[in-house]
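The next block holds one structure in the form of structure tokens; read it before the comments.
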Amino acid sequence: MRALVMMLLMLALAGCAESHEDTTLRFWAMGREAEVVGELVREFEAENPGIRVEIQNIPWTAAHEKLLTAYAADGLPDVCQLGNTWIAEFATLQALTPLQPYVDASSEVKPLDYFPGIWDTNVVDGQLVGVPWYVDTRLLFYRKDLLRQAGFDHPPRTWAEWDQMNAALKQLMGPNRYPVLMPLNEFEPQLSFALQQSDPLLREQDTLGNFRSPGFRRTLVFYDNMFQQGWAPKMSETQISNVWDEFFRGFTAFYLSGPWNIREFRQRQPASLEGEWGTTALPGPDGPGAGIAGGTSLVVMRSSQKKDAAWKLIEFLSRPTIQQRFYKIIGDLPPRRSAWNSPELTRDPLTAAFADQLERVKPTPKVLEWERIAQQMRIVTEQVVRGGLSQDKAVEQLDQQVDDILAKRRWLVEQRAEAAAEEGAR
């Protein structure tokens, strides 16, 4: 009788568990990552013969719209690559599966092994909804030879030191070359400098803009001064024929960019400049500063009926050894510290600066409206740089525009607060 009871119990448990026999996972990935991840996925399928993975390559330019359309039509995949700034949006839509129970039971995914600022991008309203897949951030590519000619033997570590170097470089470089390249059609420089401040970009539970804060005012003064001093050209990237060639031609000494450019610069460097350029962490107000917690994460969609199998795929792609291979294939930087133990990363001084920067990255505000806010910040700060808008007027205008963008979020927070107050009064 006891044996019969045990057998029935085991059958019941087996019935409750998700079967992985003849399971097909739909995996949406974007751009170059979708093109190369198939090599790793085939190995996953060999380890898990009952699971097959269908990879759909979504162009980055169409990804956001396609995801929202699929959400509305109940057609989302099982697993998806999401940009870190999209995580909060899809979490707010209740489209993502909470992953903390999976992480707690996992021997593969270890939160303390991840760069903390990157891991934090996946925690929305206290709930873990994604696992970092690869990371990027912004720092400085710089010309060592030009710095030496200007009298410096190391890159800048503080804003004041950077200003000093820029003044000396401008004198050396003349009127038609510039110490710093920060294209005006990019918001990453302003955002990076703003994240180095103690003042948050949003306030009141992320329902109001905080751009009139002392922190963002300092950011705007520092950023705008680069252009007004003639240290950075008032140009967008489309006005620059080729940023890599211009860097080696001596058009600029500092270029604020991301890890994908390590490979580009190596491929294009003249033999005479080999070893004469490097990467360094972003200077901050008082020392090496914070940066953007960029990159993408892997999520399991709440609508998926194959969550356990989907988590198995995320665990596999999260292994340090797999992340190291992914880096060799495509050059995407791993989010786990242990994955950085590979010789390709530890022996390369160009990537070492990124590891240093990643220890200090910070997530952007976790609101679904963030991308609109970031673009508005770029537009307003460009108006300041090009003239016609004062810094005081700019921060007032930016706060008003952001307050308008966040109006619905503010209303929802107020409604929740009223409901909680009513519940407490009962």
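The values are calculated or read from the model by the stated rules, or taken from the named source; none is laboratory data. Everything quoted here is computed from the prediction, not taken from an experiment. Counting neighbours? That spans all protein chains shown, and the Cβs are built from the backbone with ideal geometry, glycine included. Side chains included, ligands, DNA and RNA excluded: accessible areas come from the protein's heavy atoms. Shrake-Rupley method; radii C 1.70, N 1.55, O 1.52, S 1.80 Å.
Compute the distance in nm between two label points, each set 7 Å from the Cα along the Cα-to-Cβ direction, one at I379 and one at D403.
Using points 7 Å along Cα→Cβ, the separation is 1.8 nm.
Once Rh is set to the Kirkwood radius over Cα pairs, what Stokes-Einstein translational diffusion coefficient, in µm²/s, holds for the range 222-344 at a temperature of 10 °C and a viscosity of 1.306 mPa s? Walk me through the numbers before you get to the answer.
On the way: Rh = 18.2 Å.
For the chosen part, D equals 87 µm²/s.
Using the structure shown, select from K170/K328; K110/K307; K110/K362; K110/K366; K307/K366 the pairs with a Cα to Cα distance greater than 29 angstrom. Spell out each step's value before the answer.
On the way: K170/K328 38 Å; K110/K307 19 Å; K110/K362 20 Å; K110/K366 23 Å; K307/K366 25 Å.
Cα-Cα > 29 Å for K170/K328; rest within.
Pulled fully out, how much extra length does the chain show between S272 and E237, if you take 0.36 nm times their separation in residues and subtract their Cα-Cα distance?
Working: separation 35, 0.36 × 35 = 12.60 nm, distance 2.61 nm.
Contour length minus Cα-Cα distance gives 10.0 nm.
Using alpha-carbon pairs under 8 Å, 6+ residues apart, how would you state the relative contact order of the range 208-328 in percent?
Working: 30 pairs, mean separation 10.9, N = 121.
Once divided by the residue count of the range 208-328, the mean separation gives 9 percent.
Label L412 and R52 with points 7 Å out from Cα along Cα→Cβ: what is the distance between them in nm?
Calculated label separation equals 3.8 nm.
Under a Cβ-only charge scheme (Lys and Arg +1, Asp and Glu -1), can you give me the dipole magnitude of the chain about the Cα centre, in debye to the nearest 20?
Working: 45 positive and 56 negative charges, 126 e Å.
In debye, rounded to 20, the chain gives about 600.
Computed over the Cα atoms of the range 357-403, what is the ratio Rg over Rh, Rh following Kirkwood? Don't skip to the end; give the middle numbers.
On the way: Rg = 12.8 Å, Rh = 12.0 Å.
Expressed as Rg/Rh, it is 1.07.
Between the range 311-367 and the range 195-222, what's the alpha-carbon centroid distance in Å?
Comparing the Cα centres of the range 311-367 and the range 195-222, I get a distance of 29 Å.
Please compute the Kirkwood hydrodynamic radius of the range 121-184 from all pairs of different C-alpha atoms, in Å with one decimal.
This gives a value of 14.7 Å.
Need one number: nm distance between label points at W60 and Q391, each 7 Å from Cα along Cα→Cβ, rounded to one decimal.
3.2
With a 1.4 Å probe and all protein chains left in place, how much of the accessible area of the range 302-348 comes from carbon and sulfur atoms, in whole percent?
About 45 percent, which is the carbon plus sulfur part of the accessible surface.
Which residues among the range 330-357 fall inside the zone where the amide N is under 20 Å from a point 7 Å beyond the Cα of E186, along Cα→Cβ?
331-334, 350-357
How about K234: which aspartates and glutamates have a C-alpha closer than 16 Å to its C-alpha, ignoring those fewer than 8 places off in the same chain?
In chain and number order, the partners are E186, E188, D224, E246, E382.
Please list, in chain and number order, the residues 5+ apart from V53 or on another chain whose amide H is under 5 Å from its amide H, with Hs placed from the backbone.
Residues meeting the amide H criterion: L25.
GNM, the chain, Cα, under 10 Å: largest mean-square fluctuation among E371, E186, E43?
E43
Comparing K362, K312, K408, which has the greatest mean-square fluctuation in the GNM of the chain with Cα pairs linked when under 10 Å apart?
K408
Expressed as a rounded percentage, what relative contact order does the chain have, with Cα pairs under 8 Å and six or more residues apart? Before the final figure, lay out each step's value.
On the way: 666 pairs, mean separation 109.1, N = 426.
Relative contact order comes out at 26 percent.
Is the shape of the range 40-122 rounded, prolate or oblate, going by the alpha carbon gyration tensor and its root eigenvalues a ≥ b ≥ c, with a/c under 1.5 for rounded and a/b larger than b/c for prolate?
oblate
Work out, step by step, the length gained on full extension between A73 and E371: first 0.36 nm times the residue separation, then minus their alpha carbon distance; give nm to one decimal. Before the final figure, lay out each step's value.
Details: separation 298, 0.36 × 298 = 107.28 nm, distance 2.32 nm.
In short, 105.0 nm is gained.
When Lys and Arg each count +1 and Asp and Glu each count -1, what net charge do the other residues less than 15 Å away from V243, Cβ to Cβ, add up to?
Numbers: positive: R138, R143, R177, R249, R263, R266, R268; negative: E186, E188, E237, D245, E246, E264.
Around V243, the surrounding residues sum to +1.
List the DSSP H helices in the chain whose Cα atoms stretch 18 Å or more along the helix axis and whose mean Kyte-Doolittle hydropathy is at least 0.0.
Values: long enough: 2-16 (21 Å, 2.13); 60-72 (19 Å, 0.05); 159-173 (20 Å, -0.43); 214-228 (21 Å, -0.35); 370-386 (24 Å, -0.43); 391-405 (21 Å, -1.13); 407-425 (27 Å, -0.92).
Going by DSSP H runs, the hits are 2-16, 60-72.
Of the candidates T137, T69, T219, which one comes out as most mobile in a Gaussian network treatment of the chain with C-alpha springs shorter than 10 Å?
For the chain, modelled as a Gaussian network with Cα springs under 10 Å, the answer is T69.
State the extension gain, in nm to one decimal, for the chain segment bounded by I330 and L93, taking 0.36 nm per residue of separation less the distance between their alpha-carbons.
Numbers: separation 237, 0.36 × 237 = 85.32 nm, distance 3.15 nm.
Result: 82.2 nm gained on full extension.
How big is the dipole moment of the range 123-166 about its Cα centre under a simple scheme where the beta carbon of each Lys and Arg is +1, that of each Asp and Glu is -1, and everything else is neutral? Debye, nearest 20, please.
200
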